[in-house]
Every structure is written in C-alpha cells, then in structure tokens.
1. For region 194-326, what does the alpha-carbon gyration tensor say about shape, rounded, prolate or oblate, given a ≥ b ≥ c as the root eigenvalues, a/c under 1.5 as rounded, and a/b over b/c as prolate?
2. Please report the net charge: other residues with Cβ closer than 9 Å to the Cβ of ALA345, K and R +1, D and E -1.
3. Report the one residue of VAL330, TYR392, LEU340 whose Cα lies farthest in the direction of the positive end of the charge dipole of region 270-409 (charges on C-beta: Lys and Arg +1, Asp and Glu -1; origin at the Cα centre).
4. Each residue of region 132-140 in order: what ³J(HN,Hα) in whole Hz does its phi give by Karplus 6.51 cos²θ - 1.76 cosθ + 1.60, θ = phi - 60°, with x for Gly and Pro?
5. Go through LYS369/LYS421; LYS275/LYS408; LYS10/LYS143; LYS138/LYS228; LYS143/LYS369 and tell me which ones have a Cα-Cα distance over 30 Å in this structure.
6. Which angle from 0 to 90°, rounded to the nearest 10, does the C-alpha axis of helix 290-299 make with the longest principal axis of the chain?
7. Can you run phi through the Karplus equation (6.51, -1.76, 1.60; θ = phi - 60°) for region 157-169 and list ³J(HN,Hα) in whole Hz, with x for Gly and Pro?
8. If you average over every viewing direction, what projected area does the convex hull of the Cα atoms of the chain give, in nm²?
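Only the coordinates and a few stated rules stand behind these numbers; no lab work does. As the structure is a prediction and not an experimental result, all values here were calculated from the model. Heads up, the Cβs are rebuilt from the backbone with ideal geometry, glycines too, and the neighbour counts pull from every protein chain shown.
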Amino acid sequence: MPKLLFAKEKGEWLDFFGLDMLGRLGDELVIPEDNELIPLPEGATLTMVPGRVPIGVDMLNEKGRICSLTYDPYKLKNKEDKEKVWAVAALLPQGYTRTLLPAITDMGEPLPLLGYTAVGIMEDGQLVAAAVQTDEHKHWHPKYYNTADLNEHIAKVQEEFPNNSIIKQLALCSLEYGCFTAQNMFYRRWEAGLPVSPQCNAACVGCISLQEAECCPSPQRRITSAPKVEEVAEIAIAHLQQAEDAIVSFGQGCEGEPSLQADLIAHVIREIRAKTARGTININTNAGYYIGMAKIMAAGIDSLRVSMISAVPENYAKYHRPCNYSFADVEKSMELAQKLGIKVALNLLFYPGFNDRVTETEALVELVKKYGVKQIQIRNLNIDPTLMTQLYGSGESLGVIAFLQTLKANLPDTEIGSYSKTVK
C-alpha cells in the first residue's frame, strides 16, 4: 500500500509511514485499488492543499480504521516543531484522468480552482497518483511548452501582427497563465486559441475566468472587449496555412461564451475559407445560444466541443447556472450539428464520485447515442471538493475505472480521450 504524503505549512514535503494512503470518491473515503494508481506522470506537479488536513488509514492497528493526521510531535519525531501540516495533491498533465480525490478534511476557505488528485508514496520513494491515462499527449506534453525560446516566438509573431489585439491577449495568456493553446499560436503548430467573447450566458460554479467575489478566485482574467473581424481572420489564416495538424479554436479560458459573438465568428469563418481550405475550425462552447450556434454552423464550422458537467438537465443547471437558455437548447444545437454532418465532441467536466454515478452514466450514454457524438473528452474538473458536495450531495458511484469501461462497452464508435482532433 502507498503511504500518506503531506506537507509542512512552509512547503516541506514529508511522508508518514504509519498511515496508508486513502482516496476520496465523491464524499466517501476509500482505499485505492491497484488499477486506480499509476506512477506520478511526467509533467505532473505536487501542490499543498491549504487549510486541509490529510486523512490516512492505520492498517497496522485496527484493520480499516480511518485516522485523521493532526500534529503529533512524537510521531513526527520533532518535539520542538509546532508547524501545522496540510494535505498534498497532484495536479495532472492533460491526457490523464484522476480516479480519486485527495482524502482531506472539509474545512477552511474555498480552495483555488485546481484539479486535486490523490497522491501517495511507496516505501521505495516512488510517488503514485490516483489516475489513469485516457489519451496520448502527442501534442500536449508539458515538455513542448514554456520553452526557453518562447519569448522569441512571441516577438516574431508580434512583429508580424503589431497592432493585433488578440496577439496581445495570447502573449499575456502564454506568459502569465502558461496557456498551451495560446502558446501554439506563437509556436505556429497544432491547436491555437482565438478568444473573442467578453460575455457569457452561464455562471458556472467553477468558471476559470470570472467568479463572484465571495467564491474561490479565478486563475485568469476574462477579456473585456471583442476583437475586430480582420484581427481574428488574419491570424487564423496564417496559422491554418502554416501550422502542422492545424486547428483554430474559438472558446478559451480567458473568455466567456463564444457563440454570443456569432456574427463575428461567422464572418471570420467565411473569410478564412475564402483564403484556405486547410486545417480545422473548431468552437468550444456550451451550445446554449441556439440562434448563434445556427449562424456559426451555417458559416461552415468544422467541429463543436460542447462543455457539460452532466447530461441530466437538473444537474446540468446546478453547475452551469445558465442564463436565457436551457439544456434543451444545448440538445437542439447538437441535433442541428448532427443533421449538418458537423463533428460533435463533448468536453465532459469530470469529477470522481459524480460523473460515474449510475444515473449520470446512463444519461451520458443516451445523449451520445442520440446525437452521434464522435468523441468524449474527459477533463478533470477544477473545483473545491466541498463545493461539489454542497452542489450534488452523495450518491453511489461505479468508480472511475468501471465508468470508463461502461462507456467503451456501450459506445464502441465514440472515441474516449482528452484532446480535440483535426477533422479529416
């Protein structure tokens, strides 16, 4: 069994071999199964979970007895050190889906919006994470990003488009937020982002670009104005004409809902296709603004990636908190895409212990079959576990491994992965 890992308040990582690692599935504490653990992936990082005490299980004294680790100078072999200890979590690179959350106490201020993953340490020092690989990160491995020459690439493109507001925004996203799709615009390869919308028609609980003041802080700032058609078109055309496996995507972490800029996007799509047939034009969207989505699809978009936490309408509404649309509008947009032969993928906001509940799994399978969804991209939901419990309570879960097996068995023609792909 892997052992408990924790951190001192000042950042020193420690292991505690008196307690075995536990994980959390929803609000249930569980002992990890072998198939739920992998060696900590390359590109993963460890983070202290502030204000949260780690929970381990003492397998040596009373089998299965769960213990909360609090400060004990005798167990830590340092009678003088009164520093607090906090839980540790792993943050996974893209392409990995967490199987368990960290086993931690529910207390303190809301946590920053991160994808907290259970992590432990073996007796030989090997770190393990509660995760499974769900996609090959051919284009998304961290080693390809934040390179020593990134500033040179940014300067070159800024010189090419000196007055382009999107290039200025993407430079900020590249350097301040480390955004991969922003950086790809400057590396001129793969999928590059095109943020265009300062407004949104939802108020998602875990929104990463705009949060209510009393909630957890957003990790990035939303753009405040829409760019001009010419600005979007010129950089999109350049990318699609030159980049390997070229994709341009509307709908990024630094913006609201892109379909609210439907007229702009439709105009840009037509400008692009007047100059080049190369590459894929994609939109990451909640698909709730049907009128706007219809305009974008009519203009010739190649693919949609529809974000949702649940295919159960009432559970969808609890998290996304839609304004002026309903889940029925999302389905209407997906139905139109199906009729027009446009590739539809789901961006499934995934949380162990919720999405793998039986009712959630059944609803998801039904939705995918109904609208011919080609791909389910499983994305670890960045959220405080306490907030999720408050939203959805508890429920019986299949477990993440069984959930993935169920999807593959019932949806043999649907790709289960993590990344957008080019449309052939």
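1. prolate
2. Details: positive: ARG305, LYS343, LYS374, LYS421; negative: GLU415.
Local net charge: +3.
3. LEU340
4. Result, rounded to whole Hz: 9, 7, 10, 7, 7, 8, 4, 9, 10.
5. Pairs exceeding 30 Å: LYS275/LYS408; LYS138/LYS228; LYS143/LYS369.
6. It works out to around 60 degrees.
7. 6, 4, 5, 5, 10, x, 10, 8, 5, 5, 4, 4, 5
8. Projected area, direction-averaged: 20.8 nm².
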